[in-house]
1. Taking only C-alpha pairs under 8 Å that are 6+ residues apart, what is the relative contact order of the range 1-149 in percent?
2. To the nearest 20 debye, what charge dipole does the range 2-178 have about its Cα centre, counting +1 at the Cβ of each Lys and Arg and -1 at the Cβ of each Asp and Glu?
3. List the residues, sorted by chain then number, that are 5 or more residues from GLY156 or on another chain and whose placed amide H is less than 5 Å from its amide H.
4. If I take the Cα coordinates of the range 2-178 and project them onto the principal axes, what are the three extents in Å, biggest first?
Amino acid sequence: MAEMRRTVVVKLDIDDSDADLLHETVDEYLWACNYVVGDAWQDEYKPTSKTELHDRTYADVRDQTRLQANLVQSARNRAAEAIKSVVARWKDGKMASRPEFTTPSVRYDRRSATFHDDRVSLSTVDGRIEAEYVLPPEGDNPQTKYLRTDDSEITGATLQYRDATDTFYLHIGTKTDVEFEIPDDGDAEHSTVLGVDLGIEQIAVTSTGLFWSGDFLNHRRREYERVRGDLQRTGTESAHRTIERMGDRETRWVEDYLHRLSKALVQEAVAHGCDRIAFEELTDIRDRMPGVKEFHAWAFRRLYDYTAYKAEAEGIDTTQVDPAYTSQRCSKCGTTLRENRPSQAKFCCQKCGYEVNADYNAAKNIGFKMLRAGQKSPHGGATRHLALKSGTLNVNGEYSPAE
């Protein structure tokens, strides 16, 4: 017997007064997460023990917020996990900065939330609210398969607010016991990976040849910066109010843009039969990628998050892989040389002569990283394929055309 865990995304139907309570809860929850991190950052050796962080921060958070005990503990756990991740990267000799929680979300367990067939009861800063699920018709969808069944057990959920649509969603974790059998014919597990490379000129390129230009995003960003600079030089109170309104409009516009891009990436994965999407690791991306500003790093993180929860609804996993040498490695013959990348846009293998767009080559290599990781997994014989424009490629370089 084995456990199968899945996350089901459900839209919530919430009236205005309850939505206000959830917004207040989100704000105080994020404050609590950042407070725990800030307390830990006072020490040279950052504490990662949940017990120690509890002893140091619990009373203060309870005193300075209206969060109930279970949500205070949830915020502490979330902060502890982020601190532990940073410390682990430091031990590996990698750069990592102090965690900061800004994404509007709250992690609930079965003590702070009560799950019903058609609704959920959520703890807030002022008692509990009930929100009804907005579910699709029963059929071949994750909500029917994992939520509308007695076979699955709900393990918890994460509440997320999407500013672009002014909507709350619940990402519900489920657990199902399944019989684990080794196939008689020895067939290996099969999965197909979509590789995604991120950049400035091309904000996203996939191993299947989908190019999403960053020109429009960068142009709009520069226009906002130009107008903002003019207003800052004006220096009046009215100008500062206009800058604040502009910031809100810009954030909404960019988030909508990233939502559309993430939807396109998930649709690309579905169209090519992929059950995994591999991005390059986003940590320290500003140090690795020339020309990346804080805005781009933020946009890449948002794009990854948006893609991840949209992919979950389709039963697709999303992960990040180490991007080392993906820009210098030939996706055709495997030769890795700095000279293979003569310019930002062009890739030309010095050994086999393969010439291709550099971002497309990198997207395929990111997918290959995921393939090779699968071959080294405990399952050993897992057969993974990389999705290409018109077929798939396995880790041994064997091409299979699309059916």
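1. 32
2. 940
3. HN-HN under 5 Å from GLY156: GLY173.
4. Sorted from largest, the Cα extents of the range 2-178 read 54, 41, 30 Å.
Coordinate-derived values only; no laboratory data. Computed from a prediction, not measured in an experiment: that's the story for all the values here. All Cβ positions, glycine included, derive from the backbone under ideal geometry; neighbour counts span all protein chains shown.
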